[in-house]
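The next block holds one structure in the form of C-alpha cells; read it before the comments.
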Amino acid sequence: MAKNSGRLSDKLATIHDQRLERGQGGELHQIAEGDTPILTTAQGGPVSDDQNSLKIGARGPTVLEDFHFREKIFHFDHERIPERVVHARGYGAHGFFETYESLAAYTRADIFQRPGEKTPAFVRFSTVAGSKGSFDLARDVRGFAVKLYTKEGNWDIVGNNIPVFFIQDAIKFPDMVHAVKEEPDRAFPQAQSAHDNFWDFISLTPESMHMIMWIMSDRAIPRSFRFMQGFGVHTFRLVNAKSESTFVKFIWKPKLGMQSVVWNEAVKINGADPDFHRRDLWDAIQSGDFPEWELNLQLFDQEFADSFDFDVLDPTKIIPEEVVEPIPVGRLVLDRMPDNFFAETEQVAFMTQNVPPGIDFSNDPLLQGRNFSYLDTQLKRLGSPNFTHIPINAPKCPFHHFQQDGHMAMRNPVGRANYQPNSWGEGPRESPQKGFPTFANPEEGHKARLRPESFADHYSQARQFFISQTATEQRHIVMALTFELSKCENPVIRERMVSHLLNIDETLGSAVADKLGITKLPKPAEAAVPPRDDLAASPALSIIENGPESFAGRKVGVLVSPGADAALLKKLRSAIEKEGAVMEVIAPKVRGVEAADGSWIEAKHMIDGGPSVLFDAVALILSEEGAERLTGEAAARDFVADAFAHCKFIGFCAGAIPVLQKAGIDPDADEGLISLDDPQMIATFIESCRRLRLWSREMAVKL
Ligand code: HDE
C-alpha cells in the first residue's frame, strides 16, 4: 500500500484504499497501519508503491527496470491453465466418508475394514459440455467425482449422476465429445446438446439410446448437486485378503432425496443465477447444513454376471436395483468449502486408475480407456509430472518413492540413494504382502478390434427406463426430445432420431414425431438384435417416485410489500426453519419494507433479482395497497405466474389475491394454492411443500 508521501499522484491513487475490518459487533472500522502486513514481491522483497509503475517523470515512459511491475504482470499473464476438455465447469467441497460396517469379507481395502472409520474426501461436481464459465442449469450429465484420501493411497470414484454412458468403447469418446461441444466453424452453441452435430452423431450411434433417455429426462436438470445421485457407472471389483473377487457397482444416494427442476425453469434460472448450483452448495455448507450421500454397493458374482440379461462390462447398461439390491456401506458428508477455488477445485486431478488394494478394475472397455486418459490429461492441464505435489492431489497417508526432479518438484528423495535395489540401506522397498495385488483374472484371445455380441442390444434398457417413469416424467422426456430436435436444421437427423425412438417405445416415437410436425412416421431403425419389451419397470429409476420425505434443505421465497403482516411472516419463517428449510424474503426494494405493525422486514432480494425460479415454493405476504402497486410490475406478475407454471406450492394472504389474478391465476384453481390467512394453514403449506411440486397442475398450465 502506498503511504502518503505528500505527492499528489499518491493521494489520487490511494484515495479509495481504506482497509476495513469488521469489529465484534459487526461494525466496520479502519485497520491501524501497524497491523497491516507489508506487501512483497513473490521473491519476498517489500514493495513501496503498488499504485504507480516506475516512470521517467510523472508523464514519461515506463522503465524496464521496474521489476515489481514486470513480475506482477508476468504472473497475471500466466494465471490460466487449460480448462478440462470435458467437465470444465465444476464446483467442489471437502468432507469425509464414514464406513458403517466392516466389508472384510468382500474387500481388503483399508477404508472398509473398521466401522466408524472416517476418511477425508474431496468431491467435485461438474457439467460436461460447457466451458468453465458456462451456466449451471445446462441440460447435461453431471460429473460426481469423489477423491477418498485412504490410508493406502488415494481412491478416486470418478462418476456421473447418470449410471450409463453414451458409448461402449473409449475410442469413440473424442467423436462423442466433439459432437456435443460447440460446432467448430461457428463456435456455438455453448453448453447445449440441442444442435445438429450432437444429434447427427447420436442418431448414427444406436448404443447411445439408453443414455439419451436419461439425459432427456429430468436427471439432466437437477435442482442442485445436493439432490442428485452419483454412479461409478462401470462394473468394478472388490478383492478380499484371500484374493477372491466380487463384482461391484457404486451408487451414491442423497439423504435429502432426489429433485429436479423443469426445463422452462432451468432456462430462466440460467439467466437469473448462472451459478445456481454452486451457490446452493456454498450456501448449504456455509450455513452448516452439510449435504450427505450414502454409498451403496450392488454386489454380484460371476455366476450372476453370466446369467444377467446384459453384459456387465457394457457401460450402456444398468443392473436394476430390483434385481441386485444396493447395500448402504457408508456415508459421505461435505462440510467445508475450499479456501481457494483455483488451488483446490481447479487443480484437483481425478483419475479412474487411482484405486487402493482391494478395489480393482473390470474389462469394461470404457473404463480401460479412461484408465489411460486421466493421467495424460493431468500432465496437459497441470503442466508437470509433479501434480501430486499439489496439496489437493497429495495422498494423506505416508508415501515413499524414488521419483524425482521435473517442473516444480517440491519433494525429492532425501539421501544418497535415489534408486533401488541399493546397498546404502536407504529408501523404500516393494511389499508383496501389502502392495497392490492385481486380481489374477485369466485372459486369452486373439488381438482384434471387436465389439462383443453381448453388447448388441441398444434399445431394451432404454425402453425399460422410459416405462419406469411416471406419466409426468415421460411427458418431460417427450418435451425435451422435441425441444432438442427442433433445434436441428437438418430434417434427416430428426427423422433418423424418431426411427430410433420407435424402437424404444412406439408412443414415445410417435409423440415426438407429432410434435416435430413429422406427418409420415419413418420405419423403426434397423436393430442389431430385436428390442425386448419384457423387461419389468424399475420404480427406482423415477425421480418423482423417490423424492424426499421432508422439505428439508429446500428454499421458500416470500414476496412482501410495505404494510405486510409481520406476525404472519414470523410464524411462516419459524415453520419453514423447523422443517429444516430456508426462507428468503423478496421485496420491492432490497433494504426491505416496513410492516403494518411498524417493524422492519429485512429482504435478501429485490423483486427483479429474486424471481420465483430460484425457490422451491413461494408465499405472498402483501398488504392490499402493496399488492395493488405490485400488480403493475412485470417482475411481480412473472414471480407468481412462473411459480404457478412450474407447479410450485404457493401460500398467500388475502391481500395478495390481486397479484395472483393479474397473473391470470384463480386463487381457488387447485390444492397447490394455499391461503395462509388462517395461520393454522401454515402447517398445511409445509406439508404440501414436501411433495415439492403439484404435478397434476402441469397439464392445466401446458408449459
Ligand atoms: Fe471422463 N474425463 N472420460 N468420464 N470424467 C475427464 O479428465 C474420459 C467418462 C468424468 O471433476 C477428463 O481431469 C474418457 C465416463 C468426470 O475433475 C478426461 C472417457 C464418466 C470428470 C476424461 C470418459 C466420466 C471427467 C477431462 C471415455 C462417468 C471430471 C479432465 C472412455 C463414469 C473430473 C480430467 C473432475 C473428466 C476422459 C468417460 C466421468 C479427458 C477418455 C463414462 C466426473 O481425462
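Listed by first and then second residue, the pairs linking a residue in segment 172-192 that is in contact (Cβ under 8 Å) with a residue 12 or more places away in the chain to a residue that is within 11 Å of the ligand (Cβ to nearest atom), with Cβ atoms under 7 Å apart and 6 or more places separating them unless they lie on different chains, are PHE173/ILE167; PHE173/GLY369; MET176/PHE166; MET176/ILE167; VAL177/VAL85; VAL177/VAL86; ALA191/THR127. Evaluation of GLY95 against the conditions (1) assigned to a loop (DSSP other than H, G, I, E, B); (2) more than 10 Å from the ligand (Cβ to nearest atom) shows that the sole unmet condition is (1). Would you pick out the residues in segment 226-250 that are open to solvent by less than 10 Å² (accessible area, probe 1.4 Å) and either acidic (Asp, Glu) or within 16 Å of the ligand (Cβ to nearest atom) (or both)? Of everything in segment 226-250, those that are open to solvent by less than 10 Å² (accessible area, probe 1.4 Å) and either acidic (Asp, Glu) or within 16 Å of the ligand (Cβ to nearest atom) (or both) turn out to be MET228, GLY230, GLY232, HIS234, THR235, VAL248, PHE250. Exactly one residue out of ASN503, ASN546, ASN490 is buried (at least 21 other Cβ atoms within 10 Å of the Cβ) and either in contact with a helix residue (DSSP H, G or I) (Cβ under 9 Å, 6 or more places away or on another chain) or within 17 Å of MET216 (Cα to Cα) (or both), and it is ASN503. Of the set (1) among the basic types (Lys, Arg); (2) farther than 30 Å from MET228 by Cβ; (3) surrounded by 21 or more Cβ atoms within 10 Å (Cβ to Cβ), all apply to LYS571 but (3). If you go through segment 120-133 and keep only what is outside any loop (DSSP other than H, G, I, E, B) and surrounded by fewer than 20 Cβ atoms within 10 Å (Cβ to Cβ), you end up with just PRO120.
Among the residues of segment 227-243, write down those that are in a loop (DSSP other than H, G, I, E, B) and either without any contact (Cβ under 8 Å) to a residue 12 or more places away in the chain or under 18 Å from PRO320 (Cα atoms) (or both).
Of segment 227-243, the ones in a loop (DSSP other than H, G, I, E, B) are 228-229, 232-235, 240-243.
Once the filter is applied, which keeps residues that are in a loop (DSSP other than H, G, I, E, B) and either without any contact (Cβ under 8 Å) to a residue 12 or more places away in the chain or under 18 Å from PRO320 (Cα atoms) (or both), segment 227-243 yields MET228, GLN229, GLY232, VAL233, HIS234, THR235, LYS242.
Within segment 376-388, the set of residues being surrounded by fewer than 16 Cβ atoms within 10 Å (Cβ to Cβ) and not charged (D, E, K, R) comprises LEU379, GLY383, SER384. A residue that is in contact (Cβ under 8 Å) with a residue 24 or more places away in the chain, within 30 Å of PRO357 (Cα to Cα) and over 22 Å from the mean Cα position of the chain (by Cα) occurs nowhere in segment 66-82.
Being in contact (Cβ under 8 Å) with a residue 12 or more places away in the chain, within 10 Å of the ligand (Cβ to nearest atom) and in contact with a strand residue (DSSP E or B) (Cβ under 7 Å, 6 or more places away or on another chain) is a description that applies to PHE125. Scanning segment 144-192 for residues that are closer than 22 Å to GLU294 by Cα, more than 15 Å from the ligand (Cβ to nearest atom) and not in a loop (DSSP other than H, G, I, E, B) yields TYR149, THR150, GLY153. Residues that are away from the ligand (no atom under 16 Å from the Cβ), in contact (Cβ under 8 Å) with a residue 40 or more places away in the chain and surrounded by fewer than 18 Cβ atoms within 10 Å (Cβ to Cβ) are absent from segment 109-118 altogether.
Test GLY563 against the stated conditions and say whether it is surrounded by 17 or more Cβ atoms within 10 Å (Cβ to Cβ), modelled with pLDDT of 95 or more, under 30 Å from ILE674 (Cβ atoms) and out of contact with any strand residue (DSSP E or B) (no Cβ under 7 Å at 6 or more places or on another chain). In short, yes. For segment 398-444, a residue qualifies if it is open to solvent by 90 Å² or more (accessible area, probe 1.4 Å) and either aromatic (Phe, Trp, Tyr) or outside any loop (DSSP other than H, G, I, E, B) (or both), and the qualifying residues are TYR419, TRP424.
Any chance segment 684-691 includes a residue that's basic (Lys, Arg) and under 30 Å from the mean Cα position of the chain (by Cα)? Before the answer, list the steps.
Residues of segment 684-691 that are basic (Lys, Arg), as a first pass: 690-691.
Add one more test, that the residue is under 30 Å from the mean Cα position of the chain (by Cα), and what stays is 690-691.
There is at least one residue in segment 684-691 that is basic (Lys, Arg) and under 30 Å from the mean Cα position of the chain (by Cα).
Total residues in segment 354-411 satisfying the condition of being away from the ligand (no atom under 16 Å from the Cβ) and touching a strand residue (DSSP E or B) at 6+ places or on another chain (Cβ under 6 Å): the figure is 5. Residues in segment 317-372 that are open to solvent by less than 20 Å² (accessible area, probe 1.4 Å) and part of a helix (DSSP H, G or I): THR345, GLU346, LEU366, LEU367.
If we scan segment 168-177, do we find a residue that is buried (at least 24 other Cβ atoms within 10 Å of the Cβ) and closer than 27 Å to GLU346 by Cβ? No, segment 168-177 has no match at all.
From the residues in segment 246-290 that are polar (S, T, N, Q) and in a helix (DSSP H, G or I), which one is nearest to ALA643 (Cα to Cα)? For segment 246-290, the residue satisfying everything is ASN264.
Just wondering, is there one or more residues in segment 291-301 that are in a helix (DSSP H, G or I), charged (D, E, K, R) and in contact with a strand residue (DSSP E or B) (Cβ under 8 Å, 6 or more places away or on another chain)? No: segment 291-301 contains no residue that is in a helix (DSSP H, G or I), charged (D, E, K, R) and in contact with a strand residue (DSSP E or B) (Cβ under 8 Å, 6 or more places away or on another chain).
Tell me which residues, restricted to segment 445-476, are free of Cβ contacts under 8 Å to residues at least 60 places away in the same chain, polar (S, T, N, Q) and surrounded by fewer than 19 Cβ atoms within 10 Å (Cβ to Cβ).
none
Among the residues of segment 64-92 satisfying the criterion of being open to solvent by less than 40 Å² (accessible area, probe 1.4 Å) and over 25 Å from PHE225 (Cβ atoms), which is farthest from the ligand (Cβ to nearest atom)? Ranking the qualifying residues of segment 64-92, first place goes to ASP66.
The values are calculated or read from the model by the stated rules, or taken from the named source; none is laboratory data. Keep in mind that this is a model prediction, so the values were computed, not measured. Please note: Cβ atoms are built from the backbone with ideal geometry, for glycine as well, and neighbour counts cover all protein chains shown. For the accessible areas, the whole protein counts, side chains as well, though only heavy atoms, and no ligand, DNA or RNA atoms are used. Shrake-Rupley method; radii C 1.70, N 1.55, O 1.52, S 1.80 Å.
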